[in-house]
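*Asks:* Quick one: the structure is below, questions incoming.
The values are calculated or read from the model by the stated rules, or taken from the named source; none is laboratory data. What you see is a predicted model; the values in this text were computed from it and never measured. Methodologically, a virtual Cβ is constructed for each residue, glycine included, from the backbone with ideal geometry; neighbour enumeration extends over all protein chains shown.
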Amino acid sequence: HKYLFIFTEEINFTAILTSPSISPLRHSPWGKKMAARIHGGAGAGAATALSTFNPKKLVAPSRTNLPAARSSKRCIVAAAGSDASKSLRVGHSQKLIANAAVATKAETSATTGTGHELLLFEALQEGLEEEMDRDPHVCVMGEDVGHYGGSYKVTKGLADKFGDLRVLDTPICENAFTGMGIGAAMTGLRPVIEGMNMGFLLLAFNQISNNCGMLHYTSGGQFTIPVVIRGPGGVGRQLGAEHSQRLESYFQSIPGIQMVACSTPYNAKGLMKAAIRSENPVILFEHVLLYNLKEKIPDEEYICNLEEAEMVRPGEHITILTYSRMRYHVMQAAKTLVNKGYDPEVIDIRSLKPFDLYTIGNSVKKTHRVLIVEECMRTGGIGASLTAAINENFHDYLDAPVMCLSSQDVPTPYAGTLEEWTVVQPAQIVTAVEQLCQ
Amino acid sequence: MCLCRTLLIQQIRGSSNAILVKEKKPTNSLLITKEEGLVLYEDMILGRSFEDMCAQMYYRGKMFGFVHLYNGQEAVSTGFIKLLTKSDSVVSTYRDHVHALSKGVSARAVMSELFGKVTGCCRGQGGSMHMFSKEHNMLGGFAFIGEGIPVATGAAFTSKYKREVLKQDCDDVTVAFFGDGTCNNGQFYECLNIAALYKLPIIFVVENNLWAIGMSHLRSTSDPEIWKKGPAFGMPGVHVDGMDVLKVREVAKEAVTRARRGEGPTLVECETYRFRGHSLADPDELRDAAEKAKYAARDTITALKKYLIENKLANEGELKKIDDLVEEAVEFADASPQPGRSQLLENVFADPKGFGIGPDGRYRCEDPKFTEGTAQV
């Protein structure tokens, strides 16, 4: 399977993992140089894993069936309507929301070959555009989302199609335009608010915490706030401390909001659509380094379930829980681990708040060992909360303490070497699994 | 006050930024009809009686926490809100009881909310500082100063969006009320910029009562004339005597009409005064007795009463007090039940699936304990 990592123009590094089959980039001089670099052993992460890459061993992400019977045969969606209340039970949601974890048996255009290939940022754009076509109340607001097309091109072309009011270029005032989005949501619109970088939303904390999270409650249920707050976050390539923040740590305690993190073009589009349709305020975390991931996604419409985790690779020996960019470091480590004889189960938790304790719990009950790999800092991150939740709910099933690999509690340094040491690398993941599985 | 002078906002042609505020010569035509006069009077009297009752109830232990009373400022609320329709929106601060009442929320609902009862406008979940009403488009009630202004800007944005994108017939305006202290806050300036930039149908009303708890406006503000800040952003800035409901109403008419016509926002600074402390917990020792006496002499209710009688619009008998309405509200609130445990987890999410999936595979909101309010979420 192909994973293409191309970082944004600001960053001049490309890591290419390709199967022997054709990748357009390999034929470019740049691509060839990079490919040679990778296969020569240099590059990010555990180089050893790359030389022993076996595509057949890795199961397609977001296409795997859970052992528990899920008989969804269709990957089509219905908007949450009156049906939703009748069958909320996970696993019986066939007619409702497509569960990405269910799709191996389902025949979608992507699996039957037609589908269409696109990059993650394009998938986000497609999801957004489809929802804007579907409902004229959906609008976008943020800095440079309109004429500029979005600093990561997620809203490219939308202002031309929908106009300057529906795709609103705001001045630089996060607190005010986030609050404006909230006020608009209270009065009938469905804004998608973009933080150019998630870190900038620190300036909107007042609005996100007090108004976004709380107004539905303090108004006694009178006003709903169906906003989507989205943007890129996470550690990039030498972007410096302030542009490399993980806001999910800070927002997770806010009551009344949901948080999801996308990691593939498939779930990016699905989560974007689900978030827009949700009546709850949803914060969608994208990652700066994942925008150029390429994948084939179905032609037919689908959405992903906001509250469910995604089974990336079923296994028996250990449960590895991760999300966003760290998923790829985990999968890279998984290759090494498989060659060493381990069988890790990898779950992309996707829903950072609330946690899908069903998928996670089933896995823990099977493997009895948990490793959490996250990009948040050690202190107070999603991993810290998840560790607590697992200990609380599944203590009896654990054969070893829950281990959590997080980023160092340091402001992300600019220097490349230092930056690499602040985030979790595949080699550390391999060591941790070996340790846990002793 | 037998002849009311009006402040007019005039724009100098060719320059949308520079605004002249002129005083019109007194005329003999009256500013209001009898009906309008009675509406204004009743609204202000309701506000005053209600707040006085709040003070009593607080000291009797019927309500708790931070309660901020509006006594003295009624002219601003009545002057503006009585010009609005039901679909216009109002955004306020923690000093919001009277704004809610003027907008049409029943005294019963507000009093019950203050008592923390289930029949309160927010089911007892908001309290004094969070008066909301979807029916009357009262968009809150905010505890932190300034945080309501962006929300008001958003409501105004929706109005413009409905007109221009959804092609609906919508000329709803939003009125945002806030104090002098807020005018040093970033959110205020950010929203002035946004509103003027997008020509939003919003009126920013500064209730300048000269004090932010114990901080005098003059000690905290480099240029204390707040109305001047409007033209800096490209909107008219007006200063009006906030102790005179008829003057406020004249200015409000102009500002609301501007907004409805799509001409954009207005900043109105109302010079007003709160007769009581910042909140019921404030001993109010810093303010000068002479200052308080000066403003007490300009009590808007007394002034309007005098105006109505002198201009033969009403007589004493018609200007009766409306204590019964407020007393009835207290009785109703007293008799109402407290919220049950089942209410704890409701309303956190509009879609309670947001509490997620539990270890047993069911959504937590499907757990019967959820509706009982005892579920582990």
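*Asks:* Would you confirm, using the coordinates I've provided, whether B:Met131 is modelled with pLDDT of 95 or more, more than 23 Å from B:Gly61 (Cα to Cα) and either in contact with a strand residue (DSSP E or B) (Cβ under 8 Å, 6 or more places away or on another chain) or of a type in the set (D, E, K, R) (or both)?
*Replies:* Details: modelled with pLDDT of 95 or more: yes; more than 23 Å from B:Gly61 (Cα to Cα): no; either in contact with a strand residue (DSSP E or B) (Cβ under 8 Å, 6 or more places away or on another chain) or of a type in the set (D, E, K, R) (or both): yes.
So B:Met131 does not fit the description; no.
*Asks:* Which condition from (1) touching a Phe, Trp or Tyr at 6+ places or on another chain (Cβ under 7 Å); (2) over 24 Å from B:Ala143 (Cα atoms); (3) within 13 Å of chain B (Cβ to nearest Cβ); (4) crowded, with 22+ Cβ neighbours inside 10 Å is the one that A:Val140 breaks?
*Replies:* Failed condition: (1).
*Asks:* As an exercise: evaluate B:Lys86 against (1) under 13 Å from the mean Cα position of the chain (by Cα); (2) not in a helix (DSSP H, G or I) and give the number of the one condition it does not meet.
*Replies:* (1)
*Asks:* I'd like to know if segment A:242-249 contains one or more residues that are more than 14 Å from chain B (Cβ to nearest Cβ), without any contact (Cβ under 8 Å) to a residue 60 or more places away in the chain and under 24 Å from B:Val151 (Cα atoms).
*Replies:* yes
*Asks:* Mind listing just one residue for me: the one in segment A:158-186 that is outside any helix (DSSP H, G or I) and either of a type in the set (D, E, K, R) or in contact with a strand residue (DSSP E or B) (Cβ under 7 Å, 6 or more places away or on another chain) (or both) and, of those, nearest to the other protein chains (Cβ to nearest Cβ)? Before the answer, list the steps.
*Replies:* Within segment A:158-186, the subset outside any helix (DSSP H, G or I) is A:163-173.
Then drop every residue that is not either of a type in the set (D, E, K, R) or in contact with a strand residue (DSSP E or B) (Cβ under 7 Å, 6 or more places away or on another chain) (or both), which leaves A:164, A:166-170.
Details: A:Asp164: 10, A:Arg166: 6, A:Val167: 11, A:Leu168: 8, A:Asp169: 10, A:Thr170: 7 Å.
Among those residues, the one meeting the criterion is A:Arg166.
*Asks:* Among the residues in segment B:72-89, are any more than 9 Å from chain A (Cβ to nearest Cβ), over 23 Å from B:Tyr41 (Cβ atoms) and not hydrophobic (A, V, I, L, M, F, W, C)?
*Replies:* So in segment B:72-89, the residues more than 9 Å from chain A (Cβ to nearest Cβ) come out as B:72-88.
Then keep just the ones that are over 23 Å from B:Tyr41 (Cβ atoms); that gives B:87.
Subset that is not hydrophobic (A, V, I, L, M, F, W, C): B:87.
Yes: one or more hits.
*Asks:* Out of B:Leu246, B:Leu210, B:Leu267, B:Leu280, I need the residue that is at pLDDT below 95, under 20 Å from B:Gln73 (Cβ atoms) and not basic (Lys, Arg). Which one?
*Replies:* B:Leu280
*Asks:* Mind listing just one residue for me: the one in segment B:329-360 that is in a helix (DSSP H, G or I) and surrounded by fewer than 14 Cβ atoms within 10 Å (Cβ to Cβ) and, of those, nearest to the other protein chains (Cβ to nearest Cβ)? Explain how you work it out, then say what you get.
*Replies:* Of all residues in segment B:329-360, those in a helix (DSSP H, G or I) come to B:329-335, B:341-343, B:352-355.
Among the residues that remain, those that are also surrounded by fewer than 14 Cβ atoms within 10 Å (Cβ to Cβ) are: B:331, B:334-335, B:341-342.
Details: B:Glu331: 22, B:Asp334: 20, B:Ala335: 19, B:Arg341: 16, B:Ser342: 13 Å.
The residue in question is B:Ser342.
*Asks:* Hey, another quick one. Would you confirm whether or not segment A:108-116 contains a residue that is assigned to a strand (DSSP E or B), in contact with an Asp or Glu (Cβ under 9 Å, 6 or more places away or on another chain) and either modelled with pLDDT of 95 or more or crowded, with 22+ Cβ neighbours inside 10 Å (or both)? Step through it out loud before you land on a result.
*Replies:* To start, the set of residues in segment A:108-116 that are assigned to a strand (DSSP E or B) comprises A:116.
Retained after the next criterion (residues that are in contact with an Asp or Glu (Cβ under 9 Å, 6 or more places away or on another chain)): A:116.
Remaining after also requiring either modelled with pLDDT of 95 or more or crowded, with 22+ Cβ neighbours inside 10 Å (or both): A:116.
Taking every residue of segment A:108-116 in turn, at least one turns out to be assigned to a strand (DSSP E or B), in contact with an Asp or Glu (Cβ under 9 Å, 6 or more places away or on another chain) and either modelled with pLDDT of 95 or more or crowded, with 22+ Cβ neighbours inside 10 Å (or both).
Table: residues versus (1) within 10 Å of another protein chain (Cβ to nearest Cβ); (2) over 23 Å from A:Met180 (Cβ atoms); (3) hydrophobic (A, V, I, L, M, F, W, C).
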{"residue": "B:His97", "(1), (2), (3)": "no, yes, no"}
{"residue": "B:Ser112", "(1), (2), (3)": "no, yes, no"}
{"residue": "B:Gly127", "(1), (2), (3)": "yes, yes, no"}
{"residue": "B:Ser159", "(1), (2), (3)": "yes, no, no"}
{"residue": "B:Glu164", "(1), (2), (3)": "yes, no, no"}
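*Asks:* Would segment B:153-175 turn up any residue that is under 20 Å from B:Ala212 (Cα atoms) and in contact (Cβ under 8 Å) with a residue 12 or more places away in the chain? Walk me through it before giving the result.
*Replies:* So the first thing to find is which residues in segment B:153-175 are under 20 Å from B:Ala212 (Cα atoms), and the list is none.
No: zero hits.
*Asks:* Tell me, yes or no, whether segment B:179-197 has at least one residue that is under 21 Å from B:Arg48 (Cα atoms) and either assigned to a loop (DSSP other than H, G, I, E, B) or modelled with pLDDT of 95 or more (or both).
*Replies:* First, pick out the residues of segment B:179-197 that are under 21 Å from B:Arg48 (Cα atoms): B:179.
Applying the additional criterion that residues be either assigned to a loop (DSSP other than H, G, I, E, B) or modelled with pLDDT of 95 or more (or both) yields B:179.
Yes: segment B:179-197 contains one or more residues that are under 21 Å from B:Arg48 (Cα atoms) and either assigned to a loop (DSSP other than H, G, I, E, B) or modelled with pLDDT of 95 or more (or both).
*Asks:* Kindly provide the set of residues from segment B:191-204 that are touching a Gly at 6+ places or on another chain (Cβ under 9 Å) and crowded, with 24+ Cβ neighbours inside 10 Å, ordered by number. Give the steps one after another, and end with the answer.
*Replies:* We begin by selecting, within segment B:191-204, every residue touching a Gly at 6+ places or on another chain (Cβ under 9 Å); these are B:191-193, B:195-202, B:204.
If the condition is that a residue be touching a Gly at 6+ places or on another chain (Cβ under 9 Å) and crowded, with 24+ Cβ neighbours inside 10 Å, then B:Cys191, B:Leu192, B:Ala195, B:Leu200, B:Pro201, B:Ile202, B:Phe204 are the ones that fit.
*Asks:* Checking A:Thr322 against (1) surrounded by 24 or more Cβ atoms within 10 Å (Cβ to Cβ); (2) hydroxyl-bearing (Ser, Thr, Tyr); (3) within 14 Å of another protein chain (Cβ to nearest Cβ), which test does it fail?
*Replies:* Failing condition for A:Thr322: (3).
*Asks:* Can you pull out the residues in segment A:187-212 that are assigned to a loop (DSSP other than H, G, I, E, B) and either within 9 Å of another protein chain (Cβ to nearest Cβ) or within 30 Å of B:Arg163 (Cβ to Cβ) (or both)? Steps first, answer last, please.
*Replies:* Let us first name the residues in segment A:187-212 that are assigned to a loop (DSSP other than H, G, I, E, B), namely A:187-189, A:195-197.
Within segment A:187-212, A:Thr187, A:Gly188, A:Leu189, A:Gly195, A:Met196 qualify.
*Asks:* Let me ask something else about it. Quick one: B:Leu304 ticks every box in (1) assigned to a helix (DSSP H, G or I); (2) more than 23 Å from the chain's Cα centre (by Cα); (3) over 25 Å from B:Gly65 (Cα atoms); (4) hydrophobic (A, V, I, L, M, F, W, C) except a single one, so which number is it?
*Replies:* Checking B:Leu304 against (1) assigned to a helix (DSSP H, G or I); (2) more than 23 Å from the chain's Cα centre (by Cα); (3) over 25 Å from B:Gly65 (Cα atoms); (4) hydrophobic (A, V, I, L, M, F, W, C), the one that fails is (2).
For every residue, the table says whether it meets (1) hydrophobic (A, V, I, L, M, F, W, C); (2) modelled with pLDDT of 95 or more.
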site: B:Glu285; (1), (2): no, no
site: B:Glu310; (1), (2): no, no
site: B:Lys320; (1), (2): no, no
site: B:Asp323; (1), (2): no, no
site: B:Ala329; (1), (2): yes, yes
site: B:Leu345; (1), (2): yes, no
site: B:Gly373; (1), (2): no, no
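*Asks:* Next up: Any idea which residue in segment A:399-408 is farthest from A:Asp343 (Cα to Cα), counting only those that are in contact with a helix residue (DSSP H, G or I) (Cβ under 8 Å, 6 or more places away or on another chain) and surrounded by fewer than 17 Cβ atoms within 10 Å (Cβ to Cβ)? Working first, answer last.
*Replies:* Within segment A:399-408, the first condition is being in contact with a helix residue (DSSP H, G or I) (Cβ under 8 Å, 6 or more places away or on another chain), and the residues that meet it are A:400, A:402-408.
Those still in the list that are surrounded by fewer than 17 Cβ atoms within 10 Å (Cβ to Cβ) too: A:400, A:408.
Values: A:Ala400: 17, A:Gln408: 27 Å.
Taking the candidates together, the pick is A:Gln408.
*Asks:* Which condition number in (1) of a type in the set (Lys, Arg); (2) closer than 30 Å to B:Pro352 by Cβ; (3) out of contact with any Cys (no Cβ under 9 Å at 6 or more places or on another chain) is the one that A:Lys153 fails?
*Replies:* Result: A:Lys153 passes all but (2).
*Asks:* Oh, and also: Regarding A:Ile347, is this residue at pLDDT 95 or above, more than 30 Å from A:Tyr250 (Cα to Cα) and either basic (Lys, Arg) or crowded, with 24+ Cβ neighbours inside 10 Å (or both)?
*Replies:* Values: at pLDDT 95 or above: yes; more than 30 Å from A:Tyr250 (Cα to Cα): no; either basic (Lys, Arg) or crowded, with 24+ Cβ neighbours inside 10 Å (or both): yes.
No, not satisfied.
*Asks:* Taking segment B:141-157 as the region of interest, how many residues are more than 7 Å from chain A (Cβ to nearest Cβ) and among the small types (Gly, Ala, Ser)? Spell out how you get there, then give the answer.
*Replies:* We begin by selecting, within segment B:141-157, every residue more than 7 Å from chain A (Cβ to nearest Cβ); these are B:141-143, B:145-146, B:148-149, B:156.
Those still in the list that are among the small types (Gly, Ala, Ser) too: B:141, B:143, B:146, B:148, B:156.
Total satisfying the criteria: 5.
*Asks:* Right, something else. Only residues that are surrounded by 14 or more Cβ atoms within 10 Å (Cβ to Cβ) and either of a type outside the set (S, T, N, Q) or over 12 Å from A:Arg246 (Cβ atoms) (or both): list them for segment A:409-419, please.
*Replies:* First, pick out the residues of segment A:409-419 that are surrounded by 14 or more Cβ atoms within 10 Å (Cβ to Cβ): A:412-413, A:419.
Selection gives A:Pro413, A:Glu419.
*Asks:* Another one. Among the residues of segment A:125-157, how many are within 19 Å of A:Asn292 (Cα to Cα) and in a helix (DSSP H, G or I)?
*Replies:* We begin by selecting, within segment A:125-157, every residue within 19 Å of A:Asn292 (Cα to Cα); these are A:125-129, A:145, A:148-157.
Narrowing the set further to residues that are in a helix (DSSP H, G or I) leaves A:125-129.
The number of residues fulfilling the criteria is 5.
*Asks:* Okay, next question. Quick one: would you say A:Pro226 is in contact with a Lys or Arg (Cβ under 6 Å, 6 or more places away or on another chain) and more than 7 Å from every other protein chain (Cβ to nearest Cβ)? Write out each step before concluding.
*Replies:* On the way: in contact with a Lys or Arg (Cβ under 6 Å, 6 or more places away or on another chain): yes; more than 7 Å from every other protein chain (Cβ to nearest Cβ): yes.
Yes: the conditions hold for A:Pro226.
*Asks:* Given the conditions (1) part of a helix (DSSP H, G or I); (2) farther than 30 Å from A:Ala415 by Cβ; (3) of a type in the set (S, T, N, Q), report the number of the one that A:Ser249 does not fulfil.
*Replies:* For A:Ser249, the failing item is (2).
*Asks:* Right, here's the next one. Give segment A:354-390 a look and list any residue that's assigned to a loop (DSSP other than H, G, I, E, B) and over 18 Å from A:Gln425 (Cα atoms), or say none. Outline the logic, then answer.
*Replies:* Let us first name the residues in segment A:354-390 that are assigned to a loop (DSSP other than H, G, I, E, B), namely A:354-356, A:368-369, A:378-381.
Of everything in segment A:354-390, those that are assigned to a loop (DSSP other than H, G, I, E, B) and over 18 Å from A:Gln425 (Cα atoms) turn out to be A:Pro354, A:Phe355, A:Asp356, A:His368, A:Arg369, A:Thr379, A:Gly380.
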